[in-house]
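The block underneath contains the structure these notes are about, expressed in structure tokens.
Each value in this text was obtained by applying a stated rule to the coordinates, not by laboratory testing. The model shown is predicted, which means the values in this text are computed figures rather than measured ones. Quick reminder, even Gly has a Cβ in these numbers, built from the backbone with ideal geometry, and neighbours come from all protein chains shown.
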Amino acid sequence: MRLPEFQLHHPTNLEDLKDLTRKLQASGDCFDFIAGGTDVLPNYKNRLNPKTQVISLSKVQGLDRISPTCLGAMARVRDLVDHEDLARVFPGLVEAASLVASPILRNLATVGGNLLLDTRCYYFNQSEFWRASKGYCLKADGDACLVVPQKEICYATYSGDLAPLFLVLDAEFELHGPKGIRKVPAREFYQFDGIRRFVKNPDEILAFIHIPESAQNLRTGYRKLRARDTIEYPVMGVAMGLMTKKGKIEQLEIALTGSEAVPLWYGDLGFGGEPVGEDTAEGIQKALLERVKTYKNVPFPPGYRRSMAGEFVKELFLKLA
Ligand SMILES: Cc1cc2nc3c(=O)[nH]c(=O)nc-3n(C[C@H](O)[C@H](O)[C@H](O)COP(=O)(O)OP(=O)(O)OC[C@H]3O[C@@H](n4cnc5c(N)ncnc54)[C@H](O)[C@@H]3O)c2cc1C
């Protein structure tokens, strides 16, 4: 399948990037950013909301640093997997990174692109020909959602592996745009109407992800449900951070991907201070299952995906405890 035509821009520093976005905005041009391109380009090939102007971030200096307290958005997913300090302090994050797609895709894929991944749906990630025959959907070219028929909310699923870990770690996202720099807590970054999925403005880039030092006190883990053991998005993923003291839960952070249109943070589900053990694990499982929603929008039954969230959370809790 061929890409549609677009003009590609290659700014080399953040100042030039700002000037370019200002210029494109002033001329009324719609644009996309591109990092590794592993999500944007397949979507463009399927004619899913392509733009005529594309700004590549690959040559912008200084966005690829990696440390346990700060990750550049242009750091490659592969570099997370290979990073010894990260593996020591946040094994859950490195585990999640190692499960993204395939080795070739991880070489191209960036952390920022992963966090800003477009949502996925059976009715959306299809060719133009397929979608035309179905009459299109709210997310591209149509005006009603085909998963839950109505015209306000898109029910495609957020399917990135890394976001739930950053929710667990209480990270902050640093955004750079023509109007300046701002930091937004990851837990307030994602919002739910399916079309506008985060508080980032279209002219802002995600530049850095800051992780508080206190997050290093958590033991972290990640479990993922997917159709095959490689090259597959999560159709359910559970991340957990746990700190215990004298056999009781001191801090528990749970987050999900692969369920709704945004990754979701659930905190400790009311189990702070509870003793560590099988009964608490089953309580957490039950409490999570009461909250998890899944829809018929990917090729996996919603009930099965939901029940696996429960299995994963129980298994992770017992493992980390
Ligand atoms: C076959 C296949 C399997 C896959 N499997 C998985 C999987 O198992 N798990 C998973 O999580 N992902 C998976 N992916 C999706 C994708 O490969 C990864 O999520 C990857 O990390 C996306 O990063 P990227 O740099 O390629 O993003 P891009 O495609 O370049 O960008 C993705 C989106 O983010 C925006 N963007 C990127 N960086 C920035 C930035 N710094 N600031 C502002 N906007 C930005 C782009 O405009 C675009 O909207 C898969 C993809 C394919 C094709």
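Points worth noting:
- Residues D161, D79, D143 arranged by fewest to most Cβ contacts within 10 Å: D143, D79, D161
- Around the Cα centre of region 63-212, unit charges on the Cβ atoms of Lys, Arg, Asp and Glu (plus for the first two, minus for the last two) sum to a dipole of about 260 debye.
- For G258, net neighbour charge (Lys/Arg +1, Asp/Glu -1) across residues whose Cβ lies under 12 Å away: +4
- Partners for K134 among aspartates and glutamates (Cα-Cα distance below 20 Å; same-chain residues under 8 apart left out): D143, E152
- Debye log10 I(q)/I(0) for region 25-93, one point scatterer per Cα, at q = 0.13, 0.14, 0.15, 0.28 Å⁻¹: -0.53, -0.59, -0.65, -1.19
- For the chain, with +1 on Lys and Arg beta carbons and -1 on Asp and Glu, the positive-most of G135, G221, Y158 along the dipole: G135
- Phi-derived couplings, Karplus 6.51 cos²θ - 1.76 cosθ + 1.60 at θ = phi - 60°, listed residue by residue for region 193-200: 9, x, 8, 8, 9, 8, 7, 5 Hz, with x used for Gly and Pro.
- Charge tally for I104 (other residues, Cβ to Cβ under 13 Å; Lys, Arg +1; Asp, Glu -1): +3.
- The label-point distance for I66 and D16, in a model that sets each label 7 Å from Cα toward Cβ, rounds to 2.6 nm.
- Value of relative contact order over region 1-60, rounded to a whole percent, pairs C-alpha under 8 Å and six or more apart: 56
- Based on C-alpha pairs under 8 angstrom that are at least 6 apart in sequence, the chain has a relative contact order of 15 percent.
- The relative contact order of region 130-288, computed from alpha carbon pairs under 8 Å that lie at least 6 residues apart in sequence, is 21 percent.
- Order of M236, M74 under a 10 Å beta carbon neighbour criterion, fewest first: M74, M236
- What the Kirkwood sum gives for region 218-320 is a hydrodynamic radius of 13.8 Å, with every pair of different alpha carbons counted.
- Restricting attention to region 218-320, the count of lysine pairs at 8 or more positions apart or across chains with alpha carbons under 20 Å apart stands at 14.
- Partner lysines for K183 [C-alpha distance under 19 Å; skip if fewer than 8 residues away on the same chain]: K18, K200
- Between K245 and E311, the C-beta separation translates, for a Förster distance of 30 Å, into a calculated FRET efficiency of about 0.65.
- Phi-derived couplings, Karplus 6.51 cos²θ - 1.76 cosθ + 1.60 at θ = phi - 60°, listed residue by residue for region 153-161: 10, 9, 9, 5, 9, 6, 10, x, 7 Hz, with x used for Gly and Pro.
- Put in order of Cβ neighbour count within 10 Å, fewest first, the listed residues I209, I254 become I209, I254.
- Hull volume in cubic angstrom per residue (convex hull over the Cα atoms of region 61-213): 131
- Our coupling estimate for region 65-75, obtained by passing each phi through the Karplus curve with A = 6.51, B = -1.76, C = 1.60 and θ = phi - 60°, is 6, 9, 8, x, 10, 8, 10, x, 4, 8, 4 Hz, Gly and Pro reported as x.
- Region 77-163 - Debye-derived log10 I(q)/I(0), Cα point model, q = 0.13, 0.19, 0.22, 0.23 Å⁻¹: -0.56, -0.83, -0.95, -1.00
- For region 248-321 versus region 179-226, the gap between their alpha-carbon centres in whole angstrom: 20
- Simple label model, 7 Å out from Cα along Cβ direction - E5 to E290, nm: 5.9
- Seen against the Cα atoms of the chain and their longest principal axis, helix 302-320 is set at about 50 degrees.
- Mean shadow area of the chain, taken as a quarter of the surface of its Cα convex hull (nm²): 16.2
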